[in-house]
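K.L.:
Take this structure first; my questions come after.
What follows is calculated from the coordinates using simple rules that are stated; it is not laboratory data. The structure displayed is predicted, hence computed values, not measured ones. Note that we place each Cβ from the backbone using ideal geometry, even for glycine, and neighbour counts take in every protein chain shown.
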Amino acid sequence: MRRTYFLSLLVLSTIIYSCQVKTETESLNYTEIRKAFQSEVNGKPVDLYLLENASGMKVTITNYGGKIVHMLVPDKEGELVDVNLGYDNLDGYLKTSEIYFGSLIGRYGNRIAGGKFTIDSVEYTLAQNNGPNNLHGGKVGFNNVVWEVKSSSAKSITLAYTSADGEEGFPGELAVTVTYELTDQNEIVMTYDATTDKATHVNLTNHAFFNLNGDGSGTVNDHVLMVKASNYTPVDETLIPLGENASVEGTPFDFRTPTAIGARVDVEDEQLGYGNGYDHNFVLDKGITASPELVATIKSEQTGIELDILTTEPGLQFYGGNFLNGSETGKNGTYNFRGAFCLETQHYPDTPNNPNFPTTLLKPGEQYHTVSIYRF
């Protein structure tokens with residue numbers, strides 16, 4: 001009797017999961033959703049662009065903040081699941097308290113201590129938009145400006161933005177282009193390029209919030225994560241690096257062997273206490289590389305969806321959705337505590353004030369160029 005009851009529950013849960021996936025798949029009515037993005041922000045036109053590949057994967061991107069809006073990937077049954085948090089309309093992004101969903105981040109991804117740094121004996125003051133610190137470029141970062149669409153096709157889009165000298169306190173006019181390309185290998189290849197006319201600090205990334213069980217489907221603590229990092233960057237109570245990297249050996253930050261996110265997230269640990277969970281830079285063993293290399297893998301046993309992160313960058317910020325609190329409802333559900341994870345490829349936080357970290361300084365005549373990949 002118990003075995004029959006268990007099998008009945010298993011069949012029922014499978015049916016429920018299947019219905020959920022179909023609802024998410026059918027909800028991507030691109031023509032209708034696109035209309036909800038076609039507007040203007042600060043007098044500049046906003047639109048939504050669809051990328052599709054031969055295996056049926058679908059990605060939508062808006063030029064408002066360069067945000068990835070939908071990311072529909074096949075699960076173990078071949079059904080499409082939207083694994084990216086966000087909204088089905090521009091208004092959602094304009095009103096949300098979580099302003100970084102799916103965004104391009106700049107000029108400087110992550111935190112800069114006290115909102116200050118010095119270049120050639122000149123001190124620059126930035127916005128303090130995260131406690132005493134500067135976060136993700138300031139109050140008006142690249143996440144909430146309208147990017148120019150330089151080109152678009154069925155599988156790629158190139159966005160451009162020129163950040164004026166002094167914008168958000170950063171020196172130099174910075175000309176940025178970012179290309180999203182969807183390959184037939186289910187890869188989203190993100191290529192970042194920039195030049196400047198004055199020495200400045202640059203650290204560009206994408207801030208996708210993922211849930212491989214499906215957007216808005218609950219906790220990600222069951223996801224199994226592997227990160228190729230023997231060290232991480234300890235922080236103070238405001239999440240600013242202490243200046244020295246530390247070994248992950250014997251700590252909750254050791255993901256060199258695949259481990260569930262939730263396995264150690266609630267243990268007594270000062271660093272986890274500062275971030276209310278994971279919100280730390282992992283020092284990638286490979287360092288800076290000329291071409292993208294595999295640095296992390298994360299998998300949902302529920303859907304069978306596995307995500308690889310590849311990058312040329314030396315660091316990876318792992319954030320476990322600790323500041324989601326159920327106040328936001330997106331495309332397919334409510335975004336609850338630890339209902340998403342982020343794996344942001346980057347240089348280290350507060351590098352401008354830590355000369356022992358790999359430099360983020362970009363000078364005139366130099367080319368900023370990094371490549372990162374989400375591969376499903």
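K.L.:
With only Lys, Arg, Asp and Glu charged, each at its Cβ (+1 for the first two, -1 for the last two), find how big the charge dipole of the range 220-375 is about the Cα centre; round to the nearest 20 debye.
P.N.:
Working: 9 positive and 21 negative charges, 109 e Å.
It comes to approximately 520 debye.
K.L.:
Sort 176, 83 by Cβ crowding within 10 Å, fewest neighbours at the top. If you can, show how the numbers build up before the last one.
P.N.:
Details: 176 23, 83 27.
The most exposed by this proxy come first: 176, 83.
K.L.:
Would you pull out the residues with amide H under 5 Å of residue 231's amide H, same chain only if 5 or more places away, H placed 1.01 Å from N?
P.N.:
248, 283
K.L.:
Also, quick follow-up: Give me the extension gain from residue 323 to residue 369: residue separation times 0.36 nm, minus the current Cα-Cα distance, reported in nm with one decimal.
P.N.:
Value of the extension gain: 13.5 nm.
K.L.:
Pick out which of 245, 206, 110 has the largest mean-square fluctuation in a Gaussian network model of the chain, springs linking Cα atoms closer than 10 Å.
P.N.:
245
K.L.:
Here's a follow-up. Given points 7 Å out from each Cα along the Cα-Cβ axis, report the residue 359 to residue 91 separation in nanometres with one decimal.
P.N.:
Taking the simple label geometry, residue 359 and residue 91 are separated by 4.9 nm.
K.L.:
Another one. Please identify, among 109, 315, 326, the residue showing maximal mean-square fluctuation in a Gaussian network model of the chain using a 10 angstrom Cα cutoff.
P.N.:
Looking only at 109, 315, 326, the largest GNM fluctuation is found for 326.
K.L.:
State, to one decimal in nm, how far the label point of residue 42 lies from the label point of residue 270, with both points 7 Å from Cα in the Cβ direction.
P.N.:
Going by the 7 Å Cα→Cβ label model, 4.1 nm.
K.L.:
Say we join alpha carbon atoms closer than 10 Å with springs in a Gaussian network model of the chain; which of 261, 288, 61 then has the biggest fluctuation?
P.N.:
Fluctuation is largest for 288.
K.L.:
Less than 12 Å Cβ to Cβ from residue 37, Lys/Arg counted +1 and Asp/Glu -1: what total charge do the surrounding residues give?
P.N.:
-2
K.L.:
Which values, in whole Å and largest first, are the semi-axes of the equivalent ellipsoid of the range 220-375 obtained as the square root of 5 times each eigenvalue of the Cα gyration tensor?
P.N.:
In descending order, the three semi-axes are 26, 19, 16 Å.
K.L.:
Helix 2-26: angle to the longest alpha-carbon principal axis of the chain, degrees 0 to 90, nearest 10?
P.N.:
Between the helix axis and the principal axis of the chain, the angle is about 50 degrees.
K.L.:
With a 10 Å Cβ neighbour count serving as the proxy for reagent exposure, in which order, fewest first, do 142, 255 appear?
P.N.:
255, 142
K.L.:
Which order do 87, 368 fall in if you start with the one that has the fewest other Cβ atoms within 10 Å?
P.N.:
By the 10 Å Cβ count, ascending, the order reads 368, 87.
K.L.:
Past 29 Å, Cα to Cα: identify those pairs from 35/95; 139/331; 44/198; 150/228; 76/331; 139/228, in the order given.
P.N.:
150/228; 139/228
K.L.:
Can you work out the FRET efficiency for the pair residue 285 and residue 35, with r the C-beta to C-beta distance and R0 = 41 Å, to the nearest 0.05?
P.N.:
The formula returns an efficiency of 0.30 here.
K.L.:
Could you calculate the FRET efficiency of residue 155 with residue 199 from 1/(1 + (r/R0)^6), where r is the beta carbon distance between them and R0 is 51 Å, rounded to 0.05?
P.N.:
In this case the efficiency is close to 0.90.
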